[in-house]
Each structure stands twice: as C-alpha cells, then as structure tokens.
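Novice: My questions will all concern the structure given below.
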C-alpha cells in the first residue's frame, strides 16, 4: 500500500525506479530495487476477443469468461422488519462456496442507504445490516440465453442469481432520555435528545479534564517527567 502522501498524480508517465521495499511497520530487513513503467491510460480498455480470454501467471491459469450472470432484487422487496430493501451503499460476501452442480452460493451482507423518502416525508429508518442468501448459476453458453419479447429477454438475462429472504440486524444506541438502548432513527430525535447528549458530552469533558489534571498532579508529586 502506498503511503498517504502519495497519490496517482505523484507519478508521471515514464520509468520509475523503486529503491527500497518495506511494509512500513517492520524493520526493512528485506530490501531491494526494481523498475516499473508508469503509463497514462487515455482510452478505455475494451475486450475485442470473442469467447474466453486465458492468461497464465506462473503455474496458475486465469480464464476470463466475460459477463456470465446478472441478478436483480425487486424494488418492492421487504426485509424481515417489513421495510423496503434500500440501495447498497456497501456490501461484503460471506460463506461463498462452490456447489456440486457447478453453482455458487453465499450471503450478501449489505449496508443499505437510508429508507423511503418522498418530498418532505422521511421514513423512520433504523441503520442496519441486511443479509441476503444467494445462489449463482453462471451461464457459459455461446448463444443468447433466450426470450422473444423484451420482458422475456430481460428475465432470461437476469436470472442467474436467485435470492432468499432478506434478514438482518438493526443498530441500537444508548438513549439518554429513556436510559435504555433504542434503535437508531432517520428522523430528527428532537431537542430533548440533543440537549441530553450535549449534557453527557459536557460531563465527559469535565471528567476527562479532571482525570488529566489528577494524573499530572500525581506525576509531579512522584517527580516523574
């Protein structure tokens, strides 16, 4: 990983010599040097080859089959809390496995966007992680998948993924008004909540300053620097 002070703009097209190699944490016991070529990409890289594209790296062969599957979840789908399934702001796949019939399965762990909004209406949508089980059956055939009408073609071309029920867990926080855990909200929690949080923050700041002062006082009594 590049250090934070580097950015793509740090390297201009041409040859670049890398003199030292280390992980930035351990000592640089293993160092070396090599040269790389920085090349500016000004046109899109398009695959113009029909069929599979094969590359070999060492003893490993990689085969690019191209796009072999598409899936969709209905916009009206509801999760286990009875709320519409939001767009995916972030996603992680867990439990990915190969099945005996050549299909693949796993679970999508999704961080959705906020809930349903329309004009001045905002849903009381708790932040959450949604989980969706899926099965993926890639299509490697050389011909079109099928369908005669546009709708049939669309369904045929987007059915390589099948999805299960949408479950998940909603996030909670400690509510200073009720003194208990509450679900997060997409609404304005109100003046009382904001005032209580501000009071809690102020108390924490006072306690923190007192603790720091007492620490320095004890260090002074002990003669520590």
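The values are calculated or read from the model by the stated rules, or taken from the named source; none is laboratory data. Keep in mind it's a predicted model, so treat the numbers as computed, not measured. All Cβ positions, glycine included, derive from the backbone under ideal geometry; neighbour counts span all protein chains shown.
Novice: Kindly indicate which of 196, 120, 213, 202 is modelled with pLDDT under 55 and surrounded by fewer than 14 Cβ atoms within 10 Å (Cβ to Cβ).
Specialist: Only one candidate passes the filter, namely 202.
Novice: Taking into account only those residues within region 159-181 that are assigned to a strand (DSSP E or B) and over 25 Å from the mean Cα position of the chain (by Cα), which is farthest from residue 86 (Cα to Cα)?
Specialist: Looking at the filtered set, the residue picked out is 180.
Novice: Check region 16-26 and report whether any residue there is modelled with pLDDT of 70 or more and not in a loop (DSSP other than H, G, I, E, B).
Specialist: No; the residues of region 16-26 include none that is modelled with pLDDT of 70 or more and not in a loop (DSSP other than H, G, I, E, B).
Novice: Say we look at region 132-179 and pick out the residues that are modelled with pLDDT under 80 and exposed (fewer than 11 other Cβ atoms within 10 Å of the Cβ); which of these is nearest to residue 50 (Cα to Cα)?
Specialist: Among those that are modelled with pLDDT under 80 and exposed (fewer than 11 other Cβ atoms within 10 Å of the Cβ), it is 142.
Novice: Now for a different question. With the condition kept exactly as written, say whether any residue in region 87-103 is touching a residue at least 60 places away in the same chain (Cβ under 8 Å), surrounded by 10 or more Cβ atoms within 10 Å (Cβ to Cβ) and closer than 18 Å to residue 134 by Cα.
Specialist: no
Novice: Go through (1) touching a residue at least 12 places away in the same chain (Cβ under 8 Å); (2) within 28 Å of the chain's Cα centre (by Cα); (3) assigned to a loop (DSSP other than H, G, I, E, B) for residue 145 and report which single condition fails.
Specialist: All conditions pass for residue 145, except number (2).
Novice: Further question: Give me the residue from region 91-118 that is farther than 15 Å from residue 187 by Cβ and part of a loop (DSSP other than H, G, I, E, B) and, out of that set, nearest to the chain's Cα centre (by Cα).
Specialist: For region 91-118, the residue satisfying everything is 113.
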